[in-house]
Amino acid sequence: MADSAISSDVPRTREREKGSDFSELSRRITEAGLLRRRPLYYTVRFGTVALALTGCVAAFLVLGDSWIQLIVAAALAVVFGQLGLAAHDLAHRQVFSRRRPGEIGGLLVADVLLGMSYGWWMNKHTRHHANPNHEKKDPDVAPDIIVWSRRQAKQAKGPARFIGKHQAALFFPLLTLEGLNLSFSSLRALRSPSVKRPVLEGTLLVAHFAVYFGGVFLVLSPGRALAFVAVHQGLFGIYLGSVFAPNHKGMPMIEEGAEPDFLRRQVLTSRNVDGGAFVEAFMGGLNHQIEHHLFPSMPTPALGRAQVITERYCAELGIPYRRTGLISSHREALRHLRRVGEPLRGKR
């Protein structure tokens, strides 16, 4: 299944059936009370991340100009990953039922703490949720650097054509640049209509970079400062990639013209990752990717119960439901990247 595609040749589901299939699942989820807000959970979770961030900053200031700071950089990468997951939940209105508090929280976490435009990322992520793994409509599978399907490989130009030949081997090294890429894309997007408050977000981003780079180069010598930034941003990028790549990469791509209904579009293009409490904390609940895509505003602690209901319901309808371990999910994604890059290596 990981190497297949949802094409326009698949018979379209009738409109009545489209609505009834998901509506029945939604009814079961609602009756189970899984869409209720969980303020205590998010208070504890966000409070823990805030304490970890405070501890990293305090350790950085106390240690001064020392190579031991690279340990702080590694710890800060994990904290930044958790902040990214917090921004994600705020954007999906999992934390607050009202839009305004979520937007304020998102701006503070994304722009001020992470150096990433909340408005730009939310627009991009919303388009991904609407059409996951769609070759033309999902920005997360645009062939900018990496190709995600054989069709994209055959049409690849520029960097994607060069990198695509060995993209499976280069995937994790490329992830070390993802943190910096998010910041660069955020600054570039300030001139885009996708950012509704360019002045506000631009100001917050400038403040973030001034404090971040100013603090690093003020406390550390130039060589150690550059090493600190490299370790921090590199591991941060790998963390983000390790959280988001297992969810869709290597799952079926939706070709132009195909119109699967909402339930099947979300289930067939996503996979869940098993692994217990560690994976749950590491991935911030996104290991339940199928349920998250079906019910984006569902609070993280409810996703586990929702998985049981959803998996059973998909079995009733005969819809393939993919679950695997964390290592296996990465193996599937890398195998897919290698396979779709074959046309660029002269293979058919």
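The values are calculated or read from the model by the stated rules, or taken from the named source; none is laboratory data. The model shown is predicted, which means the values in this text are computed figures rather than measured ones. All Cβ positions, glycine included, derive from the backbone under ideal geometry; neighbour counts span all protein chains shown. Just so you know, the surface numbers come from the protein's heavy atoms only, side chains and all, with ligands and any DNA or RNA stripped out. Shrake-Rupley method; radii C 1.70, N 1.55, O 1.52, S 1.80 Å.
Anyone know which of Val79, Val199, Val267 comes out most mobile in the 10 Å Cα GNM of the chain?
For the chain, modelled as a Gaussian network with Cα springs under 10 Å, the answer is Val199.
Counting pairs on different chains as well as pairs 8 or more places apart, how many Lys pairs in the chain have Cα atoms under 20 Å apart?
17
Run the numbers on the chain and let me know its relative contact order in percent, using alpha-carbon pairs under 8 Å that are six or more apart.
29
How would region 206-271 be classified by its alpha-carbon gyration tensor: rounded, prolate or oblate, with rounded meaning a/c under 1.5 and the a/b versus b/c comparison settling the rest?
prolate
Report, in cubic angstrom per residue, the convex hull volume of the C-alpha atoms of region 101-167.
Expressed per residue, the convex hull around the Cα atoms of region 101-167 is 95 Å³.
Along the positive direction of the dipole of the chain (beta-carbon charges: Lys, Arg +1; Asp, Glu -1; about the Cα centre), which of Leu220, Ala315, Leu108 reaches farthest?
Of the candidates, Ala315 comes out farthest on the positive side.
Taking the Cα centroid of region 39-53 and of region 246-301, what is the distance between the two, rounded to the nearest whole Å?
24
If I fit a long axis through the Cα atoms of helix 198-219 and take the longest principal axis of the Cα atoms of the chain, what angle between them do I get, 0 to 90°, rounded to 10?
Tilt relative to the chain: about 50 degrees.
Just add up the charged neighbours of Val273: K/R +1, D/E -1, any other residue whose Cβ is under 13 Å from the Cβ of Val273.
+1
Based on the alpha-carbon gyration tensor of region 246-348 and its eigenvalue square roots a ≥ b ≥ c, which shape applies: rounded if a/c is under 1.5, prolate if not and a/b is larger than b/c, or oblate?
Taking the square roots of the gyration eigenvalues as a ≥ b ≥ c, region 246-348 is oblate.
For the chain, report the accessible area per residue in Å² (1.4 Å probe, heavy atoms, rounded to an integer).
Averaged over the residues of the chain, the accessible area is 47 Å².
Under the Kirkwood approximation for Rh and a Cα-based Rg, what ratio Rg/Rh is obtained for region 30-189?
Here the Rg-to-Rh quotient is 1.03.
Name the residue from Ala156, Ala333, Trp67 whose Cα lies farthest towards the positive end of the charge dipole of the chain, charges +1 on Cβ of Lys and Arg and -1 on Cβ of Asp and Glu.
It is Ala156, whose Cα lies furthest towards the positive end.
Using a 1.4 Å probe on the protein heavy atoms only, what accessible surface does Ile68 show? Give it in Å² to the nearest 10.
Counting only protein heavy atoms, Ile68 exposes about 90 Å² to solvent.
In µm²/s, what is D for the chain at 10 °C and 1.306 mPa s, where D = kT/(6 pi eta Rh) by Stokes-Einstein and Rh is the Kirkwood radius from Cα pairs?
Approximately 74 µm²/s, per Stokes-Einstein.
Evaluate the charge dipole of the chain about its Cα centre and quote only its size in Debye, nearest 20, assuming +1 on the Cβ of each Lys and Arg and -1 on the Cβ of each Asp and Glu. List each step's numbers first, then the result.
Details: 44 positive and 28 negative charges, 128 e Å.
Dipole of the chain, to the nearest 20 debye: 620 debye.
With the chain treated as a Gaussian network of Cα nodes joined by springs under 10 Å, which of Leu63, Leu220, Leu286 yields the largest mean-square fluctuation?
Highest fluctuation among the options: Leu63.
Is the C-alpha gyration tensor of region 116-244 telling us rounded, prolate or oblate? Criteria: a/c under 1.5 is rounded; beyond that, a/b larger than b/c is prolate, otherwise oblate.
Judged from the Cα gyration tensor, region 116-244 comes out oblate (a/c at least 1.5, b/c at or above a/b).
Using the charge dipole of region 229-307 (Lys, Arg: +1 at Cβ; Asp, Glu: -1 at Cβ; taken about the Cα centre), state which of Ala245, Gly276, Leu286 has its Cα farthest towards the positive end.
The listed residue farthest towards the positive side: Gly276.
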